[in-house]
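These notes are about the structure you will find just below.
The values are calculated or read from the model by the stated rules, or taken from the named source; none is laboratory data. Note that the coordinates shown come from a computational prediction; the quantities given were computed from them, not determined experimentally. Don't worry about glycine lacking a Cβ; one is built from the backbone with ideal geometry, like all the others, and counts go over all protein chains shown.
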Amino acid sequence: MTIKTSRMQRLRGPLFVNGILALLVLVWMIPTIGLFVSSFRERFELQTSGWWTIFPHREWVNVATIDPREQGLDATGLMEVEGVTATFEELREGVESPSGKRIQWVGNRRIGRIEVQERQWAVNWSFTLGNYKQVLQGKDFEYRHADGTVEVIPGDDFSSALFNSIAVAIPSTVIPILIAAFAAYGFAWMKFPGRRILFILVVALLVIPLQIALVPILSDYAKLKLNGTFLAIWLAHTGFGLPLATYLLFNYISTLPRETLESAFIDGASHFTVFLKLILPLSVPALASFAIFQFLWVWNDYLVALIFLGGNPNFEVVTMRLAGIVGDRGQDWHLLTSAAFVTMLLPLAVFFSLQRYFVRGLLAGSVKG
Amino acid sequence: MHYMEMEQHEERALSAGIRVLTFVFRIALAIAIPIIAFLVLYAGFLFLRAGNAPKWLITVVAIVWGVGGVAALYWIFNWIIEMLPKQWTGRLQPFVFIGPAMAILTWYLAVPTVRTLAISLFDRDGLAGGNFVGLSNYLAVFTDRLMREAFRNNIFMWILIATPLTVVFGLLVAILADRSRFERVAKSLIFMPMAISFVGASVIWNFIYEVKPAGSAQIGLLNAIAVGLGSKPIAWAAHTAISPWNNLFLVIIVVWLQAGFAMVLFSAALKGIPEEILEAARVDGATEVQAFFKIMIPYIMGTIITVTTTIIIFTLKIFDVVWVMTGGQFGTGVIATQFYRQSFIARNAGYGSAIAIVLLIAVIPVMIYNLRQFRQQEAF
C-alpha cells in the first residue's frame, strides 16, 4: 500500500512539475512564435486575421451569394432571406438562421449583395517571403491591391542596417575587451604607485548610469566633429562597458597561477610577451563570456546609437531602423514582424550557440550597472 | 701583433659607429612609425566618415581599422617603451597597460559626471552661456507633475511590482526546471528573450496588444481574447482610463525579458544546496513546502538579494521599452524617458542634467549594496 502511494507520488510529481513548466514555457514562447509566424503571412491576411488562424479553426465561409435586386428585396424595410426576416441594419451585422447559417449583407444599401455563410473548418495557410524581401531591400516595393491599384512603398533597406550593426558591434565588443584586458593585467601583475586608488576608481565608476555621460560626450563629439561616425559609437560603448570589463577580467586574471608567470619572467619574457602569449590564451573563458555579453548589449542597444549615430541616416543600426518603422508605419505589421525578426536573428544565433559562456558570464556578474 | 691591435681598434670604432647608427635609426623609427600609424588611422577614419564606398567594404574596413588600430597602438607604444633603458621600461610600462583604460574612463565617465553636475546648476543652455540658477532645477525635478509621475512609475510600478514579479517567476521556473527532465530545453526557452533587443521586444508585445476598431477582426492576441470574452477592444498600454494600471502592460514585457536572467542565477544557486541537507530534512518529516521556505530560501538568500538589486538598478534606468511602446505618454513616463525628453527633445540641458544626477543618486546606494553582496559571495 505504502509502496503504491509513493510510486503514485513519484509519477504524479514529475507530471505536475512538467505540466506547469510546459505551460510556462508555452506562455513565454507565444509572443515570439506569433511574431515569427506573422512575419511570413501576406500583408492583407495579417491585417484581417490573427496569426493563430493558421491553426485549424471554425470560421464563417461564404457558400452562396444572393443578389437582393433579383430577389426583389427592399432594403428599406424588412427582408426575408433563407428563413430569416430582418432589416438592412441587422443584416449588415449578420443574422444567424435557424438552420445554423449566417446571412450577411455585404456592401452598401443600394448595390450590396447578401452572403449565405456556413461555419466550416479552415486554416489560413498562405505564406510568403515577400515581407522579408521588402524589409531587406533598399528599392521601392510595389504592392498590387485586389482592385488593381498599385501602391509604392519604399523598401526599408535593413541589409545596409545589418552591415552597420556589424560594423558597430564587433569593434565595440573587441576594443573594450582588449583595453580592459591590458588594464586588468596591469592591475593584477604590475607594481606602480597609485595602483589601489586607480582600481577603486574603476570599481566606483561601475555605479555611473550611462545617461549621465550622454550630454557632455555629445558636446565633446560636436567639437571634434565625431558625431555620426563609427569611431564615436565604438568609443562610447568602450567607455560605458569598460568598468565592468576591467572589473571582471581583473577578477579572473588575478587568480591565474603565479608560478606560470614567474617562470616566464625568469626566462626573460617581457610583460607584453607574457600578456600576449600566456595571459590572453589562459583568459579565453572570461574573455568569451564578456564578449558575448557586450556583443548582445551593443547589438540590442538603442539609446547610445540613437544619440551618437542619430544624425547620420547612412549609419543607422538595426534597432534604430526598427524603431523608425514603429514610429512611421506602426500598422504595417507585415514589415514590423519581419523587420523585428531580422534584428533578432544574429543575437539569437549567438545566444543559442554560445549559451554556456553566456550563462557563465551572468554568474560572474556580467550585468551592466 | 701591432697590426692585430689596429684591427681591433678599428673594429671597436666600427661597432661604436654601428651602435650610434642603430640608435639614430631606432629613434627615427620610434618617431616615424607612430606618425605613419597615425596617418594610416586618420586616412581610415576619413574613409569611414565619408561612408560612400559599398556597404560591405565599409564594414570590413571598419572592423579591421577599429580592432587593428587599437591593437597597433598598444603594440607601438609598448615597442617604444621597451627600447628605453630597462629602468625606464619598468617605470613606464604600467602606463601603457593601464593608461588607455584610465583615459577613456576619465573622458567617458568620471569627467562627464562632474560636468553633468555642473550643468545641472545652470539653465537650459548649460555651461555654454547659460545662467547659474542654483538648485532650482532640482526643485523642479521634485515638483514637476511629469517628474512626479515618473517617480511614481519608477518606484511603484517598476521597483515594487516589476522587480518582485521577475524574481518570483525566475525562482518558480528555476525550481520547476530543477525537478524536470526537460531542464535544459525549458531553461533555454525561458532565457531566450534575454537575447532580444528592447526595441524588438516592444514590437513583439505591441503586436500582442494591437487594437482594431470594434466589429473588425482583432489581430492582437490579447484583444482577440478580450473580445471573445465579450469585452470591447482595449488599447492596453495606451488605455488611460485605467491609469496608472496601464503601466502593468509595460511591466509584463520586462518580466518576460528579465525572468530568464533571474532564473539562471537561481538555478545555479539551487544546485549549490547540498543534497544531504534537503534529504535530512525530508527524513525528519519536513514537507516540500517547509523544505522550500526553511532551507532553500535561506540558503539562496544571497542570490535573491543580488538578483533583486540588479533588477532594481535595471528598472531604475529603464528607457527603451517605455520609449518605444508609449513614448512615455499616457501616464507611463519614467525618469529615463523624462531625462531623454528634456535633454534631447526640449534641449533643456540644465533640467535634463538635474534629472540624470537624481538618477545617479538613486542608483548609487543600490549599486553599492549589490557590489558588496557580490563580493561576499565571491562569485568570481
Worksheet item: What about B:Gly44, is it in contact (Cβ under 8 Å) with a residue 24 or more places away in the chain, crowded, with 17+ Cβ neighbours inside 10 Å and over 30 Å from A:Arg195 (Cβ atoms)?
Response: yes
Fill in: Residue count, the range B:68-93 (criterion: buried (at least 17 other Cβ atoms within 10 Å of the Cβ), at the interface with another protein chain (Cβ under 8 Å from one of its Cβ atoms) and within 28 Å of the chain's Cα centre (by Cα))
2
Discussion item. Going residue by residue through the range B:312-320, is there one that turns out to be out of contact with any Phe, Trp or Tyr (no Cβ under 9 Å at 6 or more places or on another chain), assigned to a helix (DSSP H, G or I) and basic (Lys, Arg)?
Written reply: no
Item to complete: Would you be able to say whether some residue in the range A:128-145 is at negative phi, within 9 Å of another protein chain (Cβ to nearest Cβ) and assigned to a helix (DSSP H, G or I)?
Response: no
Worksheet item: Before we move on, is A:Tyr132 more than 30 Å from A:Leu336 (Cβ to Cβ) and either of a type in the set (Phe, Trp, Tyr) or surrounded by 17 or more Cβ atoms within 10 Å (Cβ to Cβ) (or both)?
Response: no
Discussion item. Checking the conditions here, which among B:Arg372, B:Arg341 is over 30 Å from A:Gln331 (Cα atoms), of a type in the set (D, E, K, R) and without any contact (Cβ under 8 Å) to a residue 60 or more places away in the chain?
Written reply: B:Arg372
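Here are some residues: A:Ala232, A:Ala213, A:Ala204. Which one is closer than 20 Å to B:Gly69 by Cβ, within 10 Å of another protein chain (Cβ to nearest Cβ) and of a type in the set (Gly, Ala, Ser)?
A:Ala232
Residue-by-condition table, conditions (1) among the polar types (S, T, N, Q); (2) free of Cβ contacts under 8 Å to residues at least 60 places away in the same chain; (3) surrounded by 23 or more Cβ atoms within 10 Å (Cβ to Cβ):
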site	(1), (2), (3)
B:Ala235	no, yes, no
B:Gln258	yes, no, yes
B:Met263	no, no, yes
B:Ile295	no, yes, no
B:Ile305	no, no, no
Worksheet item: Can you spot a residue in the range A:271-281 that is over 34 Å from the mean Cα position of the chain (by Cα) and within 7 Å of chain B (Cβ to nearest Cβ)?
Response: yes
Response to the item:
Condition set farther than 17 Å from B:Ile208 by Cβ and touching a Phe, Trp or Tyr at 6+ places or on another chain (Cβ under 9 Å), scope the range A:313-337, selection surrounded by the fewest Cβ atoms within 10 Å (Cβ to Cβ): answer is A:Met320
Discussion item. Testing B:Asn246 on (1) closer than 20 Å to B:Phe169 by Cα; (2) surrounded by 13 or more Cβ atoms within 10 Å (Cβ to Cβ), one condition comes back false. Which one is that?
Written reply: (1)
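Can B:Val358 be described as surrounded by fewer than 22 Cβ atoms within 10 Å (Cβ to Cβ), closer than 15 Å to B:Thr310 by Cα and modelled with pLDDT of 80 or more? Steps first, answer last, please.
On the way: surrounded by fewer than 22 Cβ atoms within 10 Å (Cβ to Cβ): yes; closer than 15 Å to B:Thr310 by Cα: no; modelled with pLDDT of 80 or more: yes.
No, not satisfied.
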Worksheet entry | Of all residues making up the range B:207-217, the number that are under 28 Å from A:Tyr302 (Cα atoms) and more than 7 Å from chain A (Cβ to nearest Cβ) | 3
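So is B:Ile161 out of contact with any strand residue (DSSP E or B) (no Cβ under 9 Å at 6 or more places or on another chain), of a type in the set (Val, Ile, Thr) and within 12 Å of chain A (Cβ to nearest Cβ) or not?
Against the criterion (out of contact with any strand residue (DSSP E or B) (no Cβ under 9 Å at 6 or more places or on another chain), of a type in the set (Val, Ile, Thr) and within 12 Å of chain A (Cβ to nearest Cβ)), B:Ile161 does not qualify.
Within the range A:244-255, identify whether any single residue is over 23 Å from A:Leu363 (Cα atoms) and at the interface with another protein chain (Cβ under 9 Å from one of its Cβ atoms), and answer yes or no.
Checked against the condition, which is being over 23 Å from A:Leu363 (Cα atoms) and at the interface with another protein chain (Cβ under 9 Å from one of its Cβ atoms), the range A:244-255 yields no hits at all.
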Item to complete: Restricting attention to the range A:206-230, report how many residues are under 25 Å from the mean Cα position of the chain (by Cα) and of a type in the set (A, V, I, L, M).
Response: 2
